[in-house]
Amino acid sequence: MSQTDIDQLQADLLAAIAGAPGLEGLEQCRVHALGKQGVVTGLLKTLGGMSPDERQLQGPRIQALRTAVTEAIGDRKAMMERAGLDARLATETLDMSLPAGGMSGGSVHPVSQVMDELAEIFADLGFAVATGPEIEDDWHNFTALNIPDAHPARAMHDTFYFEAQAKTAGDGQNPSSDSAGLAGGAGRAKRMLLRTHTSPVQIRTMVTTPPPIRIIAPGRTYRSDSDATHTPMFHQVEGLVIDKGITLGHLKWTLETFVKAFFERDDIVLRQRPSYFPFTEPSVEIDVGYTLIKGKRVIGGTAPDGWMEILGSGMVHPKVIAACGLDPEVWQGFAFGCGIDRLAMLKYGIDDLRAFFDGDLRWLRHYGFAALDIPTLSGGIGA
Ligand code: DAH
């Protein structure tokens, strides 16, 4: 075939492609040119019967024809599809300014509400809000908190572990992994896990922030535990103060002030019980007094009918301070940790923990808070 014939064929094919009325017409053009019995395919087949010289001449011509036709079909197809989408978009409209029919609007979940209340109360005492990752490493979640590898407290945490990674113990933001003896020492895979408590935020804060430190760290925590009073994901708030000359007295006053502001009553009595946590020494469990009213436990009353445990606390263990690169001879502090879901249940009279995470609209409407009801100390923390 002469170049002139090929040029003519190409012009005809491209004109047909350009004039194809729709996707179906275009598909016909494609079959006509490039299908099994197509004209271009037919030309390609003739190459096999040619002498080498002729093939060298015709080969590139026919290939160029095929490329030009293939590209033209592709371009035209894309154009048609775009035009189709544009046409559809022009007819489909969504008025974002319309009020959602029949919906009463969202509400603030009691857990979020309590987190906002905590931030408000502690901000007034000079505490900042800190956060940390929910996917933690062994060092921040355990080792730096004075819970070494074989420590029984690890078993109590029902930890969700990730599969071991090929990272070594010495990397990451882990200033003293070697001296702290991470899980078998350098070279061993660095185990990642879902944090079992908010206490690793203590470590992250001490490692990155020069004291004095005053933070609370609310957030999600995870343990492989599920029954009427435990969910695999739950919420905690951590508190940490690091400064010079900090004593148990500061801890007691701070927690008393917090609990009174949170439950919005002054007749609150706290009881301190000696306890044990690896990361505090001494460790103190805090109970709050309740009064029985019609068989229900209501927080408060100066002559309580009973005690309810609400949080764990203590003076930060010197080993924890040292693991973060601070001198425990200079810096002391206290810490506390508390379940937020439990606080919300006690304050708002919610019986079943599991309902917190069901996403049942009726429950949310009943226990939720209006979005613009931001808790303030002056306006009332919970209302
Ligand atoms: N991390 C502890 C837990 O999850 C709670 C806790 C107790 C936190 C005492 C503290 C503390 O900071 O001082 O059970």
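Looking at region 321-346, which of its residues are touching a residue at least 60 places away in the same chain (Cβ under 8 Å), within 16 Å of the ligand (Cβ to nearest atom) and closer than 18 Å to residue 221 by Cβ?
Listed by number, the residues that qualify are 335, 336, 337, 338, 339, 340, 341, 343.
Out of curiosity, is residue 37 farther than 30 Å from residue 368 by Cα and outside any helix (DSSP H, G or I)? Give the derivation first.
Numbers: farther than 30 Å from residue 368 by Cα: yes; outside any helix (DSSP H, G or I): yes.
So residue 37 passes the test.
If you go through region 48-60 one residue at a time, how many are in a helix (DSSP H, G or I), out of contact with any helix residue (DSSP H, G or I) (no Cβ under 7 Å at 6 or more places or on another chain) and not hydrophobic (A, V, I, L, M, F, W, C)?
Going through region 48-60, the residues in a helix (DSSP H, G or I) turn out to be 48-49, 52-60.
Adding the requirement that they be out of contact with any helix residue (DSSP H, G or I) (no Cβ under 7 Å at 6 or more places or on another chain) leaves 48-49, 52-54, 56-57, 60.
Remaining after also requiring not hydrophobic (A, V, I, L, M, F, W, C): 48-49, 52-54, 56, 60.
Qualifying residue count, region 48-60: 7.
Please verify whether region 311-320 includes one or more residues that are of a type outside the set (Gly, Ala, Ser), out of contact with any strand residue (DSSP E or B) (no Cβ under 7 Å at 6 or more places or on another chain) and within 13 Å of the ligand (Cβ to nearest atom). First the steps, then the outcome.
If we filter region 311-320 for residues that are of a type outside the set (Gly, Ala, Ser), which is where we start, we get 311, 315-320.
Checking the rest, the ones that are also out of contact with any strand residue (DSSP E or B) (no Cβ under 7 Å at 6 or more places or on another chain) come to 318-320.
Then keep just the ones that are within 13 Å of the ligand (Cβ to nearest atom); that gives 320.
Among the residues of region 311-320, at least one is of a type outside the set (Gly, Ala, Ser), out of contact with any strand residue (DSSP E or B) (no Cβ under 7 Å at 6 or more places or on another chain) and within 13 Å of the ligand (Cβ to nearest atom), which makes the answer yes.
Would a scan of region 328-347 turn up a residue that is among the aliphatic types (A, V, I, L, M), farther than 17 Å from residue 199 by Cα and more than 30 Å from the chain's Cα centre (by Cα)? Talk me through it step by step, then tell me what you get.
Filtering region 328-347 down to residues among the aliphatic types (A, V, I, L, M) leaves 330, 335, 340, 343-346.
Filter again for farther than 17 Å from residue 199 by Cα, leaving 330, 343-346.
Now narrow it down to the ones that are more than 30 Å from the chain's Cα centre (by Cα): 330.
Yes, some residue in region 328-347 is among the aliphatic types (A, V, I, L, M), farther than 17 Å from residue 199 by Cα and more than 30 Å from the chain's Cα centre (by Cα).
If you go through region 337-383, how many residues are among the polar types (S, T, N, Q) and surrounded by 12 or more Cβ atoms within 10 Å (Cβ to Cβ)? Spell out how you get there, then give the answer.
Initial filter on region 337-383 (among the polar types (S, T, N, Q)): 376, 378.
Imposing the further condition that a residue be surrounded by 12 or more Cβ atoms within 10 Å (Cβ to Cβ) reduces the set to 376.
Summing the residues that are among the polar types (S, T, N, Q) and surrounded by 12 or more Cβ atoms within 10 Å (Cβ to Cβ) in region 337-383 gives 1.
Pull up region 269-306, narrow it to residues that are aromatic (Phe, Trp, Tyr) and surrounded by 15 or more Cβ atoms within 10 Å (Cβ to Cβ), then point me to the one that is farthest from the ligand (Cβ to nearest atom).
To start, the set of residues in region 269-306 that are aromatic (Phe, Trp, Tyr) comprises 276-277, 279, 290.
Going one step further and asking which of them are surrounded by 15 or more Cβ atoms within 10 Å (Cβ to Cβ), we end up with 277, 279, 290.
Values: 277: 4, 279: 6, 290: 21 Å.
Selected residue: 290.
Working only within region 137-147, note down all residues that are touching a helix residue (DSSP H, G or I) at 6+ places or on another chain (Cβ under 8 Å) and of a type outside the set (Ser, Thr, Tyr). Explain how you work it out, then say what you get.
Narrowing region 137-147 to residues touching a helix residue (DSSP H, G or I) at 6+ places or on another chain (Cβ under 8 Å): 139-147.
Once the filter is applied, which keeps residues that are touching a helix residue (DSSP H, G or I) at 6+ places or on another chain (Cβ under 8 Å) and of a type outside the set (Ser, Thr, Tyr), region 137-147 yields 139, 140, 141, 142, 144, 145, 146, 147.
Does residue 266 meet the test of being in contact with a Lys or Arg (Cβ under 6 Å, 6 or more places away or on another chain), away from the ligand (no atom under 12 Å from the Cβ), outside any helix (DSSP H, G or I) and free of Cβ contacts under 8 Å to residues at least 12 places away in the same chain? Write out each step before concluding.
Details: in contact with a Lys or Arg (Cβ under 6 Å, 6 or more places away or on another chain): yes; away from the ligand (no atom under 12 Å from the Cβ): yes; outside any helix (DSSP H, G or I): yes; free of Cβ contacts under 8 Å to residues at least 12 places away in the same chain: yes.
So residue 266 fits the description; yes.
Any idea how many residues of region 148-166 are modelled with pLDDT of 85 or more and not in a loop (DSSP other than H, G, I, E, B)?
Number satisfying all stated conditions: 1.
Are any residues in region 61-100 of a type in the set (S, T, N, Q) and in a helix (DSSP H, G or I), and if so, which ones? Show your work before the answer.
Taking region 61-100 and keeping what is of a type in the set (S, T, N, Q), we get 63, 67, 70, 91, 93, 97.
Hits for region 61-100 are 63, 67, 70, 91.
For the subset of region 222-261 comprising residues that are buried (at least 22 other Cβ atoms within 10 Å of the Cβ) and not in a helix (DSSP H, G or I), which member is farthest from the chain's Cα centre (by Cα)?
Residue satisfying both the conditions and the ranking: 242.
What are the residues in region 6-28 that are more than 52 Å from the chain's Cα centre (by Cα) and touching a residue at least 24 places away in the same chain (Cβ under 8 Å), if any?
In the first step, residues of region 6-28 are kept if they are more than 52 Å from the chain's Cα centre (by Cα); the result is 6-16, 19.
Answer for region 6-28, where residues must be more than 52 Å from the chain's Cα centre (by Cα) and touching a residue at least 24 places away in the same chain (Cβ under 8 Å): 6, 9, 10, 13, 14.
Return the total of residues in region 276-320 being on the phi > 0 side of the Ramachandran plot, in contact (Cβ under 8 Å) with a residue 12 or more places away in the chain and part of a loop (DSSP other than H, G, I, E, B).
Residues meeting the conditions: 2.
The values are calculated or read from the model by the stated rules, or taken from the named source; none is laboratory data. Here the structure is a predicted model, which is why all the values come from computation and not from measurement. Using ideal geometry, Cβ is built from the backbone for each residue, glycine included, and neighbour counts are taken over all protein chains shown.
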